[in-house]
Amino acid sequence: MILYGVLLCLLNAGWLATVFFYLPGNWMIVLTTGLLAWWQRNAGVISGWTVVAMAALALAGEVIEFVAGLSGAKKAGAGWKASLAAIVGALAGAVAGTVLIPIPFVGTLLGGCIGAGLATWSVERAGGKHTQDSVKSGVGAGVGVFIGATVKIAIGAVLWLIAAAAVFL
């Protein structure tokens, strides 16, 4: 079982790295841990309740990331269209940041924040808001995306630790 545990930890570490690129790594950690729990169910290594708790944490990470991106813009005064644009901008910016800022993970995160800010700013400006108010909304969106992504990455690390503990403790 030690070999399976080591393989699970390595695979889950790879999935955790994908969270930095706005990919569903947390869900993949839950899936691979759940598959090992099911495959080794007779050994009783990982309980079904552990997998359910991990799924609940992964869902919480998704909700927090989504709400943080929206509320960052909303709290800074953005309208609902600009708040939704923050999400699209974050995804596009993450892709661009990965290519244009070739520092692993940093480029993706910065790109996502900048993309959310620029998308929010441009929708607000197109809607007739003053430059200062639009910039404030854009900064709020960028900060919200940063907070959401950081929390989601932290939850991914907790998921990795839960899976490792379930296998080795």
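Nearest 10 degrees, 0 to 90: what angle lies between the long axis of helix 48-75 and the longest principal axis of the chain (Cα atoms)? It is inclined by approximately 10 degrees. Among GLY97, GLY14, GLY44, the largest mean-square fluctuation in a Gaussian network model of the chain (Cα springs under 10 Å) belongs to GLY44. A straight Cα-to-Cα reach below 27 Å connects LYS152 with the lysines LYS74, LYS75, LYS81, LYS136, residues fewer than 8 places away in its own chain not being considered.
Model label sites at THR131 and VAL106, defined 7 Å from Cα along the beta-carbon direction, differ in position by 3.0 nm. Helix 106-126 and the longest principal axis of the C-alpha atoms of the chain enclose an angle of approximately 40°.
How much FRET efficiency would the formula 1/(1 + (r/R0)^6) give for ALA17 and SER122, where r is the Cβ-Cβ distance and R0 is 25 Å, rounded to 0.05? Efficiency computed from Cβ-Cβ geometry: 0.20.
With the gyration tensor restricted to C-alpha atoms of the stretch 2-168, the semi-axes of the equivalent ellipsoid amount to 37, 15, 9 Å, longest first.
For the stretch 78-129 and the stretch 5-46, what is the centre-to-centre distance using only Cα atoms, to the nearest Å? With the stretch 78-129 and the stretch 5-46 each reduced to a Cα centre, they are spaced 30 Å. As I understand it, the value is the acute angle between the Cα axis of helix 80-100 and the longest principal axis of the Cα atoms of the chain; what does it come to in degrees, rounded to 10? Compared with the principal axis, the helix lies near 70 degrees. Measuring r between the beta carbons of PHE168 and PHE66 and using R0 = 30 Å, the FRET efficiency lands at 0.35.
Using a Gaussian network for the chain with springs between C-alpha atoms less than 10 Å apart, which of these wobbles most: ALA94, ALA149, ALA60? Checking each option, the largest mean-square fluctuation is seen for ALA60. On the basis of the beta-carbon distance and an R0 of 25 Å, SER47 and ALA154 show a calculated FRET efficiency of 0.60.
None of the figures in this text is laboratory data; all of them are computed from the coordinates on show. None of these values were measured; they are calculated from a predicted model. Positions of Cβ are backbone-derived with ideal geometry, glycine not excepted, and every protein chain shown enters the neighbour counts.
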